[in-house]
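Inspection log for the structure reproduced underneath, given as structure tokens.
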Amino acid sequence: MRPGPVYNPAMPGKVAASILSADFAYLADQVKLVAPHVELIHIDAMDAHFVPPLSVGPVVVESLRKVTDLPLHCHLMVERPLDLLEDFAQSGADIVTCHLEVLDDPAKVIEHAGRLGMRAGLAVNPDTPVDGVCPYLEDLDRVLVMSVNPGWAGQDFIETVLPKIEAARTEIDRHGLRVDVEVDGGINERTGHRCLAAGATVLAAASSIFKASDPGAAAARLASMAKG
Ligand code: DX5
Ligand code: ZN
């Protein structure tokens, strides 16, 4: 096996709690349970076009903004993200990530998000080559490597994305940039460790945190693994 980047515990990995698997009737409580252990809240917005399901949007972000100081990262699985940026900014989103697959001009979205006071990320589906993000790295907060096909929580990790994590990390380091590589889908302590070893800096997890009997303890275990 080709040696990949070595996970350096001096640069601890971060955990993003993805609320898609949370109990939405008690969303504030669920976020408060995991907040002491995670660095970000990951909010999956789906429009029933880019992906079949419909999920949540700025109204939920606005409510969460009142109950946590953690950065709110909105992962937009939508066909026309540009049209929604202003609403997400007004709702209190800190970071907005759009899918490369739907963008004619990624620079335009990144620039518009910045003008609205948000940091921007670019996401790639498991079948999309990661090189498409390279021209924009300097202006990005994060590269989001999907490790399941987007749309649903609870799927199995697709390990063929590991070389994409390595490739993104290599390119970021080659330019001396501080861009996070976030991995999203099927993340637990085992798969998360492999992603960190490949060069990821952020692990987004929904089911392994919120479907656990004790979400706070599950978040703490994932975070302690990520911190080495
Ligand atoms: C999938 C979403 C993920 C999802 C991850 O389309 O983007 O953020 O919540 O869920 P798990 O961790 O259960 O795979
Ligand atoms: Zn997501």
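The values are calculated or read from the model by the stated rules, or taken from the named source; none is laboratory data. Bear in mind the structure is a predicted one, so any value in this text is a computation, not a measurement. Cβ: placed from backbone, ideal geometry, glycine included. Neighbour counts: every protein chain shown.
Here are the numbers for this structure:
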| item | result |
| --- | --- |
| Filter pass, residue 139 being surrounded by fewer than 22 Cβ atoms within 10 Å (Cβ to Cβ) and closer than 27 Å to residue 79 by Cα | yes |
| Total residues in the range 142-155, condition in contact (Cβ under 8 Å) with a residue 40 or more places away in the chain, under 16 Å from residue 188 (Cα atoms) and either within 11 Å of ligand 2 (Cβ to nearest atom) or buried (at least 18 other Cβ atoms within 10 Å of the Cβ) (or both) | 4 |
| Search result, residues across the range 195-227 that are assigned to a helix (DSSP H, G or I), farther than 17 Å from residue 39 by Cα and touching an Asp or Glu at 6+ places or on another chain (Cβ under 7 Å) | 198 |
| Number of the exception - residue 63 against (1) assigned to a loop (DSSP other than H, G, I, E, B); (2) under 22 Å from residue 153 (Cβ atoms) | (1) |
| Residue list for the range 13-60, restricted to those being outside any loop (DSSP other than H, G, I, E, B) and small (Gly, Ala, Ser) | 16, 17, 18, 21, 25, 28, 35, 45 |
| Residue 76 being at pLDDT 95 or above and either of a type in the set (Lys, Arg) or in a loop (DSSP other than H, G, I, E, B) (or both) | no |
| Out of 158, 187, sole residue that is buried (at least 24 other Cβ atoms within 10 Å of the Cβ) and in contact (Cβ under 8 Å) with a residue 24 or more places away in the chain | 187 |
